[in-house]
Amino acid sequence: MWLTSKIKQVLLVLRPGVVTLKYPFEPHPVAKNFRGHPSWDHHKCVGCGGCAAHCPARTIMIRDVCQDLRVMLYDGSRCTYCGRCADVCPEDAITMTEQFELATNDRNDITVSMELFMLTCQRCGRCYNMETTNMIDKMGLRGFRYDNLEARAVIPTATEHFDEKMLEESDRYQRPQK
Amino acid sequence: MLTIEEVKTRLKNKYQSAVKKFEQPYGTRLYADIDKSKVREISNEIIGMGGRYLVSVGYDNIARDKTLGLIHAFSLDRDDIFVCLRTAAPVDNPTFDSITPDIPNAGWSEREYMDLLGMKFSGHPKPKRLILADDWPEGVYPLRKEVPWNLMPPPAENVAYQLDEAPEGCTTIPVGPFHPTLHEPAHFAVYVDGETIKGCDYRGFMVHRGLEKLCQTQLTYNEIPFVAERICGICGSVHATSYSQAVEMAAGFRISRRAEFIRTIMLEIERVHSHLLWLGVAGHLIGFDTIFMQAWRVREAIMWFGEKLTGNRKTYGMIVVGGVRRDISPELKDELLGILKTIEKELVTIHKAIVGDSSIHRRTKGVGRITTDETRLWSLVGPVARARGVDIDTRRDHPYAAYDEMRFDVPVVDSCDVWGTVVVRILETFEAIKIIRQALDTMPAGPTMTEFAEDIKPYQHAITAVEAPRGEVVHYLISGEENRPERWRVRAPTYPNLQGVPAMLLGDQFADLPIIIGSIDPCFSCTDRVVKVDIRSGRISNLTGGELETISRAKKLAGR
């Protein structure tokens, strides 16, 4: 019994032979539809902030430096590559690329920052209203946002009108200390 | 067979005014509001009806009626009913009767709420700290609403967990917090007499990440599936499905049939790869690396398919509340069928090669033995229970997604040891392949996402269970305001199974410890999911005490 098992095991190992991939010496292409590093098309982006509101890892930050200038920052060091941002983008400005070799010692290598000139909706002060039919995907924070980009911190408040005081306050944001 | 009405009348007749109210928002779920003083009796009554203890859920209800709520959830497996006993105690004296003396598996749940909500359980046999770090300040209960989610209390010196007394004449061998046999941090103090294990104490929860608190305070309904998925690296879809179903149930909402079928397929894909992974790991733990290499080689095909279908090798991100994100195209369907065919063929070969191998038998037969009755008593779940003659499987007992249409067998063996687990897991892989084929064949057309037309009403309760590869996952959800749950409780399969490990270890050889712990396929991060983050790992004080702490802290500071 023992011997026949061992013979079977030898055959089991011999038949497939060596299956080790030569990666990284030979490229290993990923599947189509792979969710790699997200990329932003600044021509298409309207700065609605839908991606930031739906990012489970809070990797996308929005800072309105003044009424007309919005800075969007994507910090890849925290990204989980779920691709939710690409799903909810109403303008298809975000695509999940095939890039996955992202190891780096400088997180700026995988950080994307965009400065967008904004027009404000006279009526509501915001631009994102795509998912009104799906109540569960309501956008969390509407209007002007004041995330602290230096500390990479999401400030969970938003205002309907641009508020300089909030901007200053968010500048002084401190992470909780022990 | 009991019906839900019979359960109601039985409780009503026997306990009369102690049972205040029944709620039955969904056909198979019974929520009973009961009097606090009768918790233990009624729990035993449910066990007497053939119930199996699932989990307890504690929640903060201070804002509404100044009470802390406690729910004991049970499953009547033969009758497809979940019974949830809800009770409450005022916040200034939150004392409940412990049900642990009768239902040992409730021990952890109760200790959890001693730590997190400041409840007290009279008659608890081991009221020690379970979840919080040893230096967490007394009197701060992180799951209460008044405690901020990102609170970081200062670290304290010279505090350590007091291990249980070793039985007389025994030596304590510490295994962990970091140990080559454990793939994640956990501390087992094993009491041995010579080579024989006489007892064991467990101090885990070192990778506590505070997910429940985070999701209850920071995230919204449809962000949580992605966090839920990351509770476990192996059975992610299971948690996402279970959570999504709970939200859908709380909202009283049905997703499209096609999405249910795709969920079923995802869950079974996960089962195939998880069982192959475990088979490899089990082989590795008993020093038989041939199985390890071959099982993982076979597994690779399904991993690549997962990447093709979902966009990622693992943490698929497929399942969200309302359905699934991607559809299975006809080409992918054909490819999946091809892959399943190869896997099935290869697995038959592996099975044949190991099933008669006496060296594996010697390492696994009679090891990690507990009787069927003990397994029931400890409410163990999944392959661990099925290898010990307990015939439970959530897919069959409480069908969800598209399992009501699937035909499959539930393999049960009564060898009561680790070998049984190996057999059960291999056979289940074949069943999983069968289920995927059926689901692909009969999948109806339709949309993959269904939209919520209305807001989810707050304070609706929902409980769902999903059969993960390692056992049964239970999610309890109380819907809340602000588009996020008020309370979300996750019970991973390792949570009950790990509590049964001391019983399994008893009387075994120390050398078999890795495979016994490995046989439950422990996933410590799944188990350790709740509340705050900070637990430093350098504290193995029964080895070198303060010294090691100083060294590790000095190193930590030097590294900055």
Among the residues of region B:345-352, is any under 24 Å from A:Pro29 (Cβ atoms), more than 9 Å from chain A (Cβ to nearest Cβ) and buried (at least 16 other Cβ atoms within 10 Å of the Cβ)?
no
In this structure, is B:Gly194 open to solvent by 20 Å² or more (accessible area, probe 1.4 Å), under 29 Å from B:Asn150 (Cβ atoms), outside the structural domain of B:Gln24 (by TED's automatic domain parsing) and out of contact with any Pro (no Cβ under 9 Å at 6 or more places or on another chain)?
no
Quick check on region A:7-28: of everything there that is within 11 Å of chain B (Cβ to nearest Cβ), part of a loop (DSSP other than H, G, I, E, B) and not small (Gly, Ala, Ser), which residue is surrounded by the fewest Cβ atoms within 10 Å (Cβ to Cβ)?
A:Val18
Quick one: would you say B:Phe205 is at pLDDT 90 or above, farther than 17 Å from B:Arg470 by Cβ and buried (at least 23 other Cβ atoms within 10 Å of the Cβ)?
no
Restricting region A:90-101 to residues that are within 14 Å of another protein chain (Cβ to nearest Cβ) and of a type in the set (A, V, I, L, M, F, W, C), the residue that is most open to solvent (accessible area, probe 1.4 Å)
A:Phe100
Given the condition without any contact (Cβ under 8 Å) to a residue 60 or more places away in the chain and within 14 Å of chain A (Cβ to nearest Cβ), answer yes or no: does some residue in region B:217-239 qualify?
yes
Quickly run through region A:102-117 and pick out the residues that are open to solvent by less than 40 Å² (accessible area, probe 1.4 Å) and either β-branched (Val, Ile, Thr) or in contact with a helix residue (DSSP H, G or I) (Cβ under 6 Å, 6 or more places away or on another chain) (or both).
A:Leu102, A:Ile110, A:Thr111
Out of the residues in region B:240-263 meeting the condition of being among the hydroxyl-bearing types (Ser, Thr, Tyr) and buried (at least 24 other Cβ atoms within 10 Å of the Cβ), tell me which one is nearest to the other protein chains (Cβ to nearest Cβ).
B:Ser244
Which one of B:Pro514, B:Pro458, B:Pro469 is open to solvent by 10 Å² or more (accessible area, probe 1.4 Å), at negative phi and modelled with pLDDT of 90 or more?
B:Pro458
Per the filter on region B:1-45, residues more than 19 Å from B:His461 (Cα to Cα) and exposed (fewer than 13 other Cβ atoms within 10 Å of the Cβ) are B:Met1, B:Thr3, B:Glu5, B:Thr9, B:Asn13, B:Gln16, B:Ser17, B:Ser37
Mind checking which residues of region B:61-86 are open to solvent by less than 10 Å² (accessible area, probe 1.4 Å) and not aromatic (Phe, Trp, Tyr)?
B:Leu68, B:Gly69, B:Leu70, B:Ile71, B:His72, B:Ala73, B:Ser75, B:Leu76, B:Ile81, B:Val83, B:Cys84, B:Leu85
Look through region B:433-453, keep the residues that are farther than 17 Å from B:Pro330 by Cβ and open to solvent by less than 40 Å² (accessible area, probe 1.4 Å), and return whichever of them is farthest from the other protein chains (Cβ to nearest Cβ).
B:Ile435
Tell me whether region B:270-285 contains one or more residues that are at the interface with chain A (Cβ under 9 Å from one of its Cβ atoms), part of a helix (DSSP H, G or I) and farther than 20 Å from B:Glu405 by Cα.
no
Counted residues in region B:454-493 being touching a Ser or Thr at 6+ places or on another chain (Cβ under 7 Å) and more than 23 Å from B:Arg271 (Cα to Cα) come to 9
Can you pull out every residue in region B:208-237 that is over 29 Å from B:Tyr141 (Cβ atoms), surrounded by 23 or more Cβ atoms within 10 Å (Cβ to Cβ) and in contact with a Cys (Cβ under 9 Å, 6 or more places away or on another chain)?
B:Cys235
What about B:Ala432, is it among the aliphatic types (A, V, I, L, M) and assigned to a loop (DSSP other than H, G, I, E, B)?
no
What number of residues in region B:294-329 are among the aliphatic types (A, V, I, L, M) and facing another protein chain (nearest Cβ under 7 Å)?
1
I'm trying to understand the selection: among the residues of region B:377-386, which are surrounded by 24 or more Cβ atoms within 10 Å (Cβ to Cβ) and in contact (Cβ under 8 Å) with a residue 60 or more places away in the chain?
B:Trp378, B:Ser379, B:Leu380, B:Val381, B:Gly382, B:Pro383, B:Val384, B:Ala385
How many of the residues in region B:431-473 are in contact (Cβ under 8 Å) with a residue 24 or more places away in the chain, closer than 30 Å to B:Val418 by Cα and out of contact with any strand residue (DSSP E or B) (no Cβ under 6 Å at 6 or more places or on another chain)?
11
Quick one: is B:Phe226 part of a helix (DSSP H, G or I) and over 16 Å from the mean Cα position of the chain (by Cα)?
yes
Take A:Gly47 and tell me if it is away from every other protein chain (no Cβ under 14 Å) and either open to solvent by less than 30 Å² (accessible area, probe 1.4 Å) or assigned to a helix (DSSP H, G or I) (or both).
yes
Criterion first (within 30 Å of B:Val247 (Cβ to Cβ), touching a residue at least 40 places away in the same chain (Cβ under 8 Å) and in contact with a Leu (Cβ under 8 Å, 6 or more places away or on another chain)) does B:Ile328 satisfy it?
yes
Residue tally, condition of a type in the set (Val, Ile, Thr) and not in a helix (DSSP H, G or I), over region B:333-377
3
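The values are calculated or read from the model by the stated rules, or taken from the named source; none is laboratory data. This is a predicted model, so every value here is computed, not measured. Neighbour counts run over all protein chains shown; Cβ positions are idealised from the backbone, glycine included. Remember, those area values only see protein heavy atoms, side chains included, never the ligands or the DNA or RNA. Shrake-Rupley method; radii C 1.70, N 1.55, O 1.52, S 1.80 Å.
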